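Working notes, beginning with the structure itself.
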Amino acid sequence: MAAAGAPIARPLDVRWIHGSPSAKHNTDPDIQVHEYDEHTVILRQNKAINYEAPFLFLLFGAERAVLIDTGATTEAEYFPLRATVDELVAKWLAHNPRDDYPLLVLHTHPHRDHIAGDGQFADRPLTTLIGADLPTAWAYFGFDRDAEATARVDLGGGRVLECLATPGHHEAAVTYYDPWTGFLLTGDTVYPGRLYINDWPTFGRTVERLIEFTENHPVTHVLGCHIEMTRDPGVDYPIRATYQPDEPPLQLTPAHLHRIRAAVAQLGDRPRLYPLDDLILWPNE
Ligand SMILES: [Zn+2]
């Protein structure tokens, strides 16, 4: 594989698992596996296991794979993330044989619903897990020396992720750009749901930086880690909902970043709850 030229925007017309009227009688898989392409997998946790139902990303490079986030549930018994990843890696290696193939585990931010499965990887061979907490993650990416820098994570074969510190929702939030797919993985900073903003001015600066980044890199899909909206403009599902039959797609676009920037500018230094069609700005004060 080589990431020469601009990535092609493949459609993401997957029907995600979205819970059921009775969690007890849910028959969906614990983890939905969507193979976007042969080197790129998007995972979603079942809402019956944890209502957060986060999305996770597994990206394969020529020299190693990276898993971004480990879900909302610790126990492999309920949330078999390690087994799912092992199966996907084995499948990939069957088509792309090599002797040693390490796995790197990174995170979008250290909130519980993105790191709970970390322990499942503790004893995995050839695996490096970088803690999501600020001191650990910032030292790894070099953001402790320069928070405005773009860090690079090389997966081999030309797939080099670009990583940005994007605080606002969480002080240790990281956004990943994948040149192979053109995905911008924004964690809980930007997604079709309630954007809980803990630091309003910092969030505004992050949105500016993301817009600047998208102006210099071809972005196909902006992908966060949750869906909380309905298909009615500006209307979200109740918090802790375990059944979302009318979900919009996960993917957003760079245009959404511009809409967020305009809303942030309009609110100025008086942040308040502010619904846009496809997401809701939700400042914590
Ligand atoms: Zn989250």
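Measuring nothing but alpha carbons in segment 1-87 and taking Rh as the Kirkwood radius, the Rg to Rh ratio lands at 1.02.
Per 0.36 nm of contour for each residue apart, how much would the distance between Ala94 and Leu267 grow if the chain were fully extended, relative to their Cα-Cα spacing? Walk me through the intermediate numbers first.
Working: separation 173, 0.36 × 173 = 62.28 nm, distance 5.27 nm.
Gain on stretching Ala94 to Leu267: 57.0 nm.
So what's the back-of-envelope 222 nm ellipticity for the chain, counting only DSSP H runs of four-plus at -39500 (n - 2.57) apiece and dividing by all residues, rounded to 500? Roughly -6500 deg cm²/dmol at 222 nm, from the helical runs in the chain. Loop-located GluC sites (Glu not before Pro) across segment 1-65 with a Cβ neighbour count of 13 or fewer within 10 Å are Glu38, with loop assigned by DSSP.
In order along segment 205-222, phi translates into HN-Hα couplings of 5, 4, 4, 4, 5, 5, 5, 4, 5, 5, 6, 10, 9, x, 9, 8, 9, 9 Hz, rounded to whole numbers, per the Karplus curve 6.51 cos²θ - 1.76 cosθ + 1.60 with θ = phi - 60° and x for Gly and Pro.
Taking all protein chains into account, the per residue accessible area for the chain stands at 43 Å² (1.4 Å probe). Summary value for the chain: 17 percent relative contact order, contacts being C-alpha pairs under 8 angstrom separated by 6+ residues. Quick note on segment 225-285: its Rg to Rh ratio, both from C-alpha atoms and Rh being the Kirkwood radius, is 0.98. Each Lys and Arg adds +1 at its Cβ and each Asp and Glu adds -1 at its Cβ; summed about the Cα centre, the chain shows a dipole of about 320 debye. Extending 7 Å from Cα along the Cβ direction at Asp13 and again at Val33 yields two label points whose distance is 2.4 nm. Distances longer than 13 Å among the Cα atoms of segment 7-50: what percent of all pairs is that? Taking all Cα-Cα pairs of segment 7-50, the fraction more than 13 Å apart is 57 percent. Over the chain, the alpha carbon radius of gyration divided by the compact-protein estimate 2.2 N^0.38 Å works out to 0.95. Placing unit charges on each Cβ (+1 for Lys and Arg, -1 for Asp and Glu) gives the chain a dipole about its Cα centre, and among Pro125, Thr136, Ser20 the Cα reaching farthest toward its positive end belongs to Ser20. Rounded to the nearest Hz, the phi-derived 3J(HN,Hα) couplings of segment 91-96 under the Karplus curve 6.51 cos²θ - 1.76 cosθ + 1.60 (θ = phi - 60°) are 5, 5, 5, 5, 8, 10, where x marks glycine and proline.
The string of couplings for segment 262-274 from the Karplus curve (6.51, -1.76, 1.60, θ = phi - 60°) is 5, 5, 4, 5, 5, 6, x, 9, 10, x, 8, 4, 8 Hz, one whole number per residue in order, with x for Gly and Pro.
Ignoring ligands, DNA and RNA, please state the percent of accessible area on the chain from carbon and sulfur, probe 1.4 Å.
50 percent
The trypsin sites (Lys or Arg not before Pro) of segment 69-109 meeting both criteria, a DSSP state outside H, G, I, E and B (loop) and at most 11 other C-beta atoms within 10 angstrom of the site's C-beta, are Arg98.
Taking the centroid of alpha carbons for each part, segment 22-66 and segment 104-121 are 14 Å apart.
The values are calculated or read from the model by the stated rules, or taken from the named source; none is laboratory data. Not measured: the values here are computed from a predicted model. So basically every Cβ, Gly included, is an ideal-geometry build from the backbone, and we count neighbours across all protein chains shown. Accessible surface is based on the protein model in full, side chains and every heavy atom, while ligands, DNA and RNA are left aside. Shrake-Rupley method; radii C 1.70, N 1.55, O 1.52, S 1.80 Å.
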